[in-house]
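Note sheet for the following structure.
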Amino acid sequence: MAAPKIKVGSGYDVHQLAEGLEMWLGGIQIESPVGFVAHSDGDVAIHALCDALLGALALGDIGHHFPDTSDEFSGIDSKKLLSRVMSMLYERGWQVGNADITIALQAPKIGKFVPQMRECLALLMGVEVDCVSVKATTTEKLGFVGRKEGCEVWATVLIYKNA
C-alpha cells in the first residue's frame, strides 16, 4: 500500500510554573515573574508542536528523541529541538501544510504576543505566517491552569508530500 500524501499529527504538553524562571513560549521570551520548570528552556508550545510533527511522522514523542535525562538537552533552546524535528521531516520528504496551537495559561496574559509567536514558528517551520495559528485561552480559573500552577498546550499539524 502506498503511503498517504497527507498526514495529521497531534501533540500535547504541560509544564509547571515557578517564580524566578524565564518564560519562553512559542519561540519568544515573555516578561513574567514566573517561568516553566523544565529540563530544557521549557517552551511548552514548541514541545507540543514537536510532538505533533513527530506523531504525524509516526516517530514517537519528544521525550524519545530529546530525553530529559540527557545533559545534552539541559537548558537547550527549544527552537533547536524544533529545527531538529524539521530536519527529520525534510529528510523523509515531508513539508508542513499548517499548524494549529492552543495555549491554556491563566497568567500572564499572552494574547498580545501571538503575532510574534506565529512569525517565529513560521520561520522555524519554513511556512508562511498564515499557515500557523496560535490561540491563547484561560481555563476560567479552573484546574491547575486556573490556579496558575502550570500551562498546557495542544498542537495539531498537517504535513504533506508532493507527488
Every residue in segment 53-70 that is open to solvent by less than 70 Å² (accessible area, probe 1.4 Å), touching a residue at least 24 places away in the same chain (Cβ under 8 Å) and outside any helix (DSSP H, G or I), please.
LEU57, LEU59, PHE66
Could you list, ordered by first residue, the pairs with Cβ atoms under 9 Å in which the first is in segment 1-29 and over 30 Å from GLY93 (Cβ atoms) and open to solvent by less than 70 Å² (accessible area, probe 1.4 Å) and the second is modelled with pLDDT of 95 or more and of a type in the set (Lys, Arg), at least 6 apart or interchain?
LEU17/LYS148; TRP24/LYS79
Going through segment 71-94 one residue at a time, which ones are open to solvent by 30 Å² or more (accessible area, probe 1.4 Å) and over 17 Å from the mean Cα position of the chain (by Cα)?
ASP71, GLU72, SER74, TYR90, GLU91, ARG92, GLY93
Close pairs from segment 84-99: first free of Cβ contacts under 8 Å to residues at least 12 places away in the same chain, partner surrounded by 12 or more Cβ atoms within 10 Å (Cβ to Cβ), Cβ under 6 Å, at least 6 apart
none
What pairs come out if I take residues in segment 119-143 that are surrounded by fewer than 18 Cβ atoms within 10 Å (Cβ to Cβ) and pair them with residues that are assigned to a loop (DSSP other than H, G, I, E, B) and among the basic types (Lys, Arg) whose C-beta lies under 8 Å away, six or more apart or interchain?
LYS141/ARG147
Among the numbered criteria (1) part of a helix (DSSP H, G or I); (2) open to solvent by 50 Å² or more (accessible area, probe 1.4 Å), which one does CYS50 miss?
(2)
Applying the selection to segment 98-118, what residues are open to solvent by less than 40 Å² (accessible area, probe 1.4 Å) and either among the aliphatic types (A, V, I, L, M) or in a helix (DSSP H, G or I) (or both)?
ALA99, ILE101, ILE103, ALA104, LEU105, ALA107, ILE110, PHE113, VAL114, MET117
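The values are calculated or read from the model by the stated rules, or taken from the named source; none is laboratory data. The model shown is predicted, which means the values in this text are computed figures rather than measured ones. Glycine gets a Cβ as well: all are built from the backbone with ideal geometry, and neighbour counts include every protein chain shown. Please note that ligands, DNA and RNA were not included when accessible areas were found on the heavy atoms of the full protein model with its side chains. Shrake-Rupley method; radii C 1.70, N 1.55, O 1.52, S 1.80 Å.
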